[in-house]
Structure formats: structure tokens, C-alpha cells
1. I want to make sure I understand the PRE zone here: with the label point 7 angstrom from the Cα of A16 toward its beta carbon, which residues in region 125-160 have backbone N atoms less than 14 Å away?
2. With no solvent and one equal point scatterer placed on each C-alpha of region 101-221, evaluate the Debye formula and give log10 I(q)/I(0) for q = 0.15, 0.21 Å⁻¹, two decimals.
3. Each residue of region 169-180 in turn: what ³J(HN,Hα) in whole Hz from Karplus with 6.51, -1.76, 1.60 and θ = phi - 60°, glycine and Pro shown as x?
4. Give me the percent relative contact order of region 161-288, please, defined on Cα pairs under 8 angstrom at least 6 residues apart.
5. Volume per residue, Å³, of the convex hull around the alpha-carbon atoms of region 23-228?
6. I'd like to compare 48-57, 75-84, 212-221: which one has the highest average count of other Cβ atoms within 10 Å, and what's the full order after that?
7. Residue-wise, which Karplus ³J(HN,Hα) couplings in Hz belong to region 195-200, taking 6.51 cos²θ - 1.76 cosθ + 1.60, θ = phi - 60°, and x for glycine or proline?
8. Using per-residue counts of other Cβ atoms within 10 Å, averaged over each peptide, order 87-98, 252-263 from highest down.
Amino acid sequence: MITDLLSTTVLIGILASGVRLATPYLYAAIGETFSQKSGVLNLGVEGQMLIGCFAAFYVALTTGNLWLGLLVAILVGALMGLAMAFVTVNLHAQQGISGIGFYLFGLGMSELLFQRLMGTVETVRGFPKIEIPVLIGIPFIGEILFNQNILVYGAYLLVPLAWFILNKTTLGLKISSVGENPDAADSLGVSVARVRYFTITLGGVLSSVAGASLSIALLNVFQQNMTSGLGFIAVALVYFGAWRPFGVLAGALLFSMVNSLQLWVQVLNIPIPSDIAVMMPYVLTILVLVATVSRVRAPSALTRPFEREE
């Protein structure tokens, strides 16, 4: 019954799951925020997530070491980011098309590696939940916010850190200047290529960590195309959040709560067709983009290749 959703136990379950499910959104969207703030649109986020997802899971499965799996995912994400940076910065490729190319590469490569190295779906014991002393005892809120695993806490700590870097540091000023007016930034001695290499590589790392959070912290399993469009939602969240980390956080929580709700609707056998329930987050993505895209201003140089004038 729909009234079951209003019970305290179910509400805590929905909210706790929502907080947890926001993790991959946050890692991927914050990484994409850095990339777009410097003027580069990376539509390959989904592919980078899938590669990181598989790399972390396979290493954790074969070695039993979750931290080594996470480290390998970070290294793989950095390589994917560097490749994306070379294509967009050095070769001046059209960013949308090259991003889709990286997505297809990640999709195909993760499926190929899965078939060759595993063949069947397996599971691992993922990162355990960590109760924060004292705070876990806060009624209602404690169980929702302070009984999560280390990668969940890391995702939420990343938001204020990203805000501080983008708004209170020289590096953040350089990133914004390159994204708004790369010619002016270059004339002031800022290396546009170096800044964009940094942000795109960072985006690749965080996208890969987002994938790893799925396979070794949230679901503890790997299967083909398990991100199911999550990377594209992460790109949409950057627009929803108007290129602000805390705006991205609000959007990530909104989408994850809707996703959590549809999962609980199915668990409680509420008479809503499962296909409609599964579509809810994606329908919300479309509605939010329609409502917000015309009201926010993107970085002026977004998607524009930079060629230094001699």
C-alpha cells in the first residue's frame, strides 16, 4: 500500500538509500564540473565510469583488496582522462563526438574484458559501513547520514572541497578564466592547455571512482552496462547545478531520492507498473533540463577548442 511509504522505518530506508545512491552521481558530476568550467564538455563520462567500474571490481575480486581495486580505477581513469585531453586539446576534436566515442569505447571494452576475464556475474564483499561515533545516535538523522561506507563519505566531502578550489584558490580562478575567455587567460600567462589537461584528467579520475563506487561499495557486483545511463545524468546534473558544486549536490540528491523511491515502490509491491517506476529518474532528467537549461549561463568557451595565436 502507498501508506507503507509513510512509515518511519520505510522513510529512513528511502532517505538512507538516497544518500548512498547519490555517491556515483556526485563523483562523476563534480569531475564533469571541473572539466566544463575549463571549457571542455566530456560526454565520455559513462564510458570512463564503466572502465573504472570493471577495473575496481576485477582487481578486488582477484586480490581481495578493495583499496587496490580503487587505486587501479583511479589510474585507469587518469589514463582515460589524459586520452580525452589529448584528443580535445591537442587534436582540437569536436568535443561532443569525441566524448561519444570514448563512451562507446568504455562500453565495448568493459563488456569485452568482462567476457574474457570473468564470463559470469560474481560478487565481492564491498567497503563496509562505518558508524560515526556520537552522530550515529542522533534520532532519525543519524541512521540516514552517519552509517555509510567510506566512499559515500568521500563523495560528500568532495563537494565543499570542490567549492573551495573553484572559488577560493588561484587554481580555481585559472580554471574559470580558461572556461570564460581562454584568449585573455593566455595573454596573462595562463597555460590553457595545461589547465584543461588537469581538469579533464581529474574528471576522468572522478568518473572512474564513480564507477568503482558502484561495483565495490554500493552494489558489490559487476555486470555489462551496469551504469545504465548514470554518466549522462551526471552531465545533466552539471547544468542543473549551474556549474556550482552545491547545486550539483542538490541535483544528485534529488535524482538519487527519486531512484531510491522507485526501488522501494517495487520492494513494497505498490501497484505501480515496474517499467514506469524505473523510468522515473530519467523522466525527471528530461523535465529538469527543459526547466533549467534556458535559465543558466554556461561557461562562454564551453565546447570551443583553443588555438593559440602566434
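1. So the set is 129-132, 136-149.
2. Summing over Cα pairs of region 101-221 leads to -0.91, -1.15.
3. Running phi through 6.51 cos²θ - 1.76 cosθ + 1.60 with θ = phi - 60° gives 10, 5, 4, x, 5, 5, 4, 5, 5, 5, x, 8 Hz.
4. About 15 percent, as a whole number.
5. 122 Å³
6. 48-57, 212-221, 75-84
7. In residue order, the calculated couplings are 5, 5, 4, 4, 5, 5 Hz.
8. 252-263, 87-98
Each value in this text was obtained by applying a stated rule to the coordinates, not by laboratory testing. Worth saying up front: this structure is predicted, and the values here are computed from it rather than measured. Every residue, glycine among them, receives a Cβ derived from its backbone with ideal geometry; neighbour counts consider all protein chains shown.
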